[in-house]
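Trainee: One structure, as structure tokens, below. Some questions next.
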Amino acid sequence: MKDSFGRNIDYMRISLTDRCNLRCIYCMPPEGIPKMSHVDILRNEEIVRIVRVAADLGIKSIRLTGGEPLVRKGVVGLISDIRAIDGIENISLTTNAVLLPQMAGDLKAAGLDRVNISLDTLDPEQFTEITRLGKLETVLDGIEAALAVGLDPVKINAVTVRRLNQDFYSFASMSIDRPLHMRFIEYMPVGSSSGFDNSGWGPEDVISSEEVREAINASAREKALPELIEVRDEDKPLGYGPAKYYRFPGAKGTVGFISPLSKHFCSECNRLRLTADGKLRPCLFSDVEYDLHEAVRTGTDADIAEVFYTAIGAKPDEHHDKVGTERGMSAIGG
Ligand code: SAM
Ligand code: SF4
């Protein structure tokens, strides 16, 4: 499926739920967000049907996200059903890892290929401050569980925020002894216009990837340790998408930088997003959505395909520096 700008659209991110077992200050208010009505949420068999039609149209990769995808009932069965669809080549998951210690084995057995774990800090107190409900130890156990069951690659995503004073070097150096892919993502002031963002963080808290990489190298020089070197394309971890990758010499993993704000990667964007209530979003930063909910409940497969064609035809060339959205990340599926 090519869009109007010649980009091949073969990747769909599916938000399974807007609910979460954490309350990160930049994503949700302490009481959680007003819940989507149960009848509005796509049922597992509806998601499977949409993915089947999407696969016929050329979607090859699926990422399950949320909210927290692992709190969704039947997520393991959903993964095995998606795994059985012809044309789907890989399934990945973005998770806060809280439930990974008990679920990683079943997820792998159901056909999950790889996992992205969100972890913004290695300081236990700061972790609880940011997530309000979380314990750092559980996430570290989740990372171990993902490695132990053979999910590959395991990527760890940290949103970088100036006022947090994160220790970028300690974070990056987790890639030295383990096959972990540590990635720094520029904080995006998404959803702040609608009050989902309670952090008080503003545009002044955005740190460019360039600055983070320089800070890591400066710490390395201070410790008389080697600096990051660029990774060749053929050595990048699977599904590297828009990240730019580096590694410490001899390290088992890599260090990546994702710069949605300082460097546009819109020209390479190959993705669509499906919200938990069945809306297809061609662009993270645009509130324009196309309704699959109605098509999947009352229509034929051809009606579902038609919504895909319309959404892909309407995919904008780039975000034009508009980064606020009406919905928060947990509703869109970050
Ligand atoms: N609950 C899962 C998790 O935390 O990995 C999946 C959903 S969460 C919305 C997906 C990712 O979006 C997380 O890594 C989170 O840090 C990131 N995120 C949320 N709000 C963000 C923002 N304003 N800027 C950048 N990343 C954000
Ligand atoms: Fe939950 Fe993920 Fe949002 Fe944190 S970032 S509140 S873990 S959905």
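The values are calculated or read from the model by the stated rules, or taken from the named source; none is laboratory data. Predicted model, so just to flag it, every value in this text is computed and none were measured. Cβ sites come from the backbone with ideal geometry, for glycine too, and all protein chains shown count toward neighbours. Quick note on the areas: whole protein, heavy atoms, side chains included, nothing else; ligands and nucleic acids left out. Shrake-Rupley method; radii C 1.70, N 1.55, O 1.52, S 1.80 Å.
Trainee: Step through the residues of the stretch 35-40 one at a time and calculate ³J(HN,Hα) from phi using the Karplus curve (6.51 cos²θ - 1.76 cosθ + 1.60, θ = phi - 60°), rounding each to whole Hz and writing x for Gly and Pro.
Mentor: For the stretch 35-40, the Karplus-derived couplings read 6, 5, 5, 4, 5, 6 Hz, x marking Gly and Pro.
Trainee: Next question. How large is ³J(HN,Hα) for each residue in the stretch 246-257, as worked out from phi by the Karplus curve 6.51 cos²θ - 1.76 cosθ + 1.60 (θ = phi - 60°), to whole Hz, x for Gly and Pro?
Mentor: For the stretch 246-257, the Karplus-derived couplings read 9, 8, 7, x, x, 6, 7, x, 10, 10, x, 10 Hz, x marking Gly and Pro.
Trainee: Now for a different question. With a cut-off of 17 Å, note down the residues of the stretch 154-173 whose backbone N falls inside the zone around a label point 7 Å from the Cα of residue 223 toward its beta carbon.
Mentor: Within reach of a label on residue 223: 166-173.
Trainee: Search the structure for amide H atoms under 5 Å from the amide H of residue 93, placed 1.01 Å from N in the peptide plane, and list their residues when 5 or more places away or on another chain.
Mentor: 64, 114, 115, 116
Trainee: Excluding residue 40 itself, what net charge comes from residues whose Cβ is under 12 Å from its Cβ, given Lys and Arg +1 and Asp and Glu -1? Don't jump to the answer; show the numbers that get you there.
Mentor: Working: positive: 35, 43, 279, 297; negative: 18, 46, 277, 291, 294.
Local net charge: -1.
Trainee: Please give the calculated 222 nm ellipticity per residue for the chain, where each DSSP H segment of at least 4 residues contributes -39500 (n - 2.57) and the sum is spread over every residue; nearest 500 deg cm²/dmol? Display every interim value, and only then the final one.
Mentor: Values: 11 runs with 101 residues, N = 334.
That calculation yields -8500 deg cm²/dmol at 222 nm.
Trainee: So which cysteines of the chain have no other cysteine's Cβ under 4.7 Å from theirs?
Mentor: So, 20, 266, 269, 283.
Trainee: May I ask you to evaluate 6.51 cos²θ - 1.76 cosθ + 1.60, the Karplus curve with θ = phi - 60°, for each residue of the stretch 198-204 and list the ³J(HN,Hα) values in order in whole Hz, giving x for glycine and proline?
Mentor: 9, 6, x, 6, x, x, 5
Trainee: Just to be sure I understand: of the beta bridges DSSP finds with both ends in the chain, what percent are antiparallel, rounded to 5?
Mentor: On the way: 11 of 44 bridges.
About 25 percent, rounded to the nearest 5.
Trainee: Determine, at each q value in 0.10, 0.17 (inverse angstroms), the log₁₀ of I(q)/I(0) that the Debye formula gives when each Cα of the stretch 1-108 is one equal point scatterer.
Mentor: -0.32, -0.87
Trainee: Here's a follow-up. Using amide H atoms built in the peptide plane, which far-off residues or other-chain residues are under 5 Å from residue 161 H to H?
Mentor: Placed amide hydrogens put 166 under 5 Å from residue 161.
Trainee: Going down the table (73/155; 155/252; 35/155; 108/252; 60/252; 60/244), which pairs top 18 Å between alpha carbons? Don't jump to the answer; show the numbers that get you there.
Mentor: Values: 73/155 24 Å; 155/252 13 Å; 35/155 29 Å; 108/252 22 Å; 60/252 28 Å; 60/244 22 Å.
Check vs 18 Å cut-off fails for 73/155; 35/155; 108/252; 60/252; 60/244.
Trainee: How far, in degrees from 0 to 90, does helix 301-313 lean away from the longest principal axis of the Cα atoms of the chain, to the nearest 10?
Mentor: 50
Trainee: Sticking with this one: Return the long-range amide H neighbours of residue 33 (sequence gap of 5 or more, or a different chain), with a cut-off of under 5 Å between placed amide H atoms.
Mentor: Result for residue 33 returns nothing.
Trainee: Antiparallel versus total DSSP beta bridges in the stretch 98-256: what percent is that, nearest 5?
Mentor: Values: 5 of 19 bridges.
Just about 25 percent of them are antiparallel.
Trainee: With the full set of protein chains in place, find how many percent of the accessible area of the stretch 88-190 is carbon and sulfur; take the probe as 1.4 Å. Could the numbers behind the result be given before it?
Mentor: Numbers: 1870 of 3840 Å².
Taking all protein chains in place, the stretch 88-190 shows 49 percent carbon and sulfur surface.
Trainee: P(r) of the stretch 54-167 in 5 Å steps, Cα pairs, percent per bin?
Mentor: Spelled out per bin, shortest first, that is 2, 12, 21, 22, 17, 11, 7, 4, 2, 0.
Trainee: How tilted is helix 44-57 with respect to the longest principal axis of the chain? Cα atoms for both, answer in degrees (0 to 90, nearest 10).
Mentor: Compared with the principal axis, the helix lies near 90 degrees.
Trainee: Along the three principal axes, how long is the chain when you take its alpha carbons, biggest first, rounded to the nearest angstrom?
Mentor: That works out to 64, 40, 40 Å along the principal axes.
Trainee: Leaving out ligands and nucleic acids, note down the accessible area per residue over the chain with a 1.4 angstrom probe, in whole Å². Please list the in-between numbers first.
Mentor: Details: 14080 Å² over 334 residues.
I get 42 Å² per residue for the chain.
Trainee: Shifting gears a bit: By how many degrees, between 0 and 90 and to the nearest 10, does the Cα long axis of helix 209-222 differ from the longest principal axis of the chain?
Mentor: It works out to around 30 degrees.
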